[in-house]
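These notes concern the structure reproduced below.
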Amino acid sequence: MSDSGLRDALRLGTRQGHHKVDRHPLMRPLVDGSLTQDSYALVLRALLGVHQPLERAFSACHQTPAMAAFAELPLARAALLTDDLKQLDHLPGNLPQWPGTLPADLPEYVGMRYVLEGSVMGAAVLAPRIQAQLGKRAPMAFFGRNDPDTWHRFCCLAEATCPSHQQDLAITAARRLFDDIATWFDRFVERPVVPR
């Protein structure tokens, strides 16, 4: 298997779910010219509600020998989202947390971490569009971060630790997370969470 075999399998296996999240109505203002500070803050709050529980779960997974090597990869996106929301003065005191299924084993961890690591690369692509709409002073700690080195290290670690016979389990976990995120985003479109 090539060093991109698992990554390519995950990319192909999650294309539909990825598309669903990228084109979700919550995310649409980031690219369609209708972004406001309030709609930007809503996106950040929705993302923070996913990143916080997942980062806690990933940190716990690192205590397991099979996943210990991943501890070298930074988990700081929740902190970046929190910083952006503080700058916008939109950090609610009681932020809802995504209630989805957390990783139970190595292939689930790899699949779910693939979704979050890939989102960093996608966020960097959106950064210029966000700044074009909100201006240079818009807080961009999360969307402005471009970390191809961490993405590459994650892909190499995933390939080295997740055997080919467990690829389908990783893909299933990644698909489930994309679906869960789209459902979570629905909540913010239908009943926006207001700061307290």
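Coordinate-derived values only; no laboratory data. Since this is a predicted model, take the numbers as computed values, not measurements. Every residue, glycine among them, receives a Cβ derived from its backbone with ideal geometry; neighbour counts consider all protein chains shown.
Taking all Cα pairs closer than 8 Å and separated by 6 or more residues, the relative contact order of the chain comes to 38 percent. Note on the chain: helix-only mean residue ellipticity at 222 nm, from DSSP H runs of 4+ residues weighted -39500 (n - 2.57) and normalised by residue number, equals -21000 deg cm²/dmol. With the contact rule set at Cα under 8 Å and sequence spacing of 6 or more, what percent relative contact order holds for the range 1-114? Reported relative contact order: 29 percent. Annotation for the range 1-42: trypsin sites (Lys or Arg not before Pro) lying in DSSP loop with at most 15 further Cβ atoms inside 10 Å of their Cβ are Arg23.
Annotation for Asp89 and Ala160: the two label points, set 7 Å from Cα along the Cα-Cβ direction, are 4.8 nm apart.
Multiplying the residue separation of Asn146 and Leu12 by 0.36 nm and subtracting their alpha-carbon distance yields 46.0 nm.
With each label modelled as a point 7 angstrom along the Cα→C-beta vector, the Glu55-Arg129 pair spans 2.4 nm. Here is what passes the span test in the chain: the DSSP H helices with alpha carbon length of 24 Å or more along the helix axis and a Kyte-Doolittle mean of -1.0 or above are 37-61, 106-134, 167-190. Once the chain from Ala79 to Asp168 is taken as fully extended at 0.36 nm per residue, the excess over their C-alpha distance is 28.9 nm. The gain in end-to-end length when the Asp179 to Ala68 segment is fully stretched comes to 37.3 nm, 0.36 nm per residue minus the alpha carbon separation.
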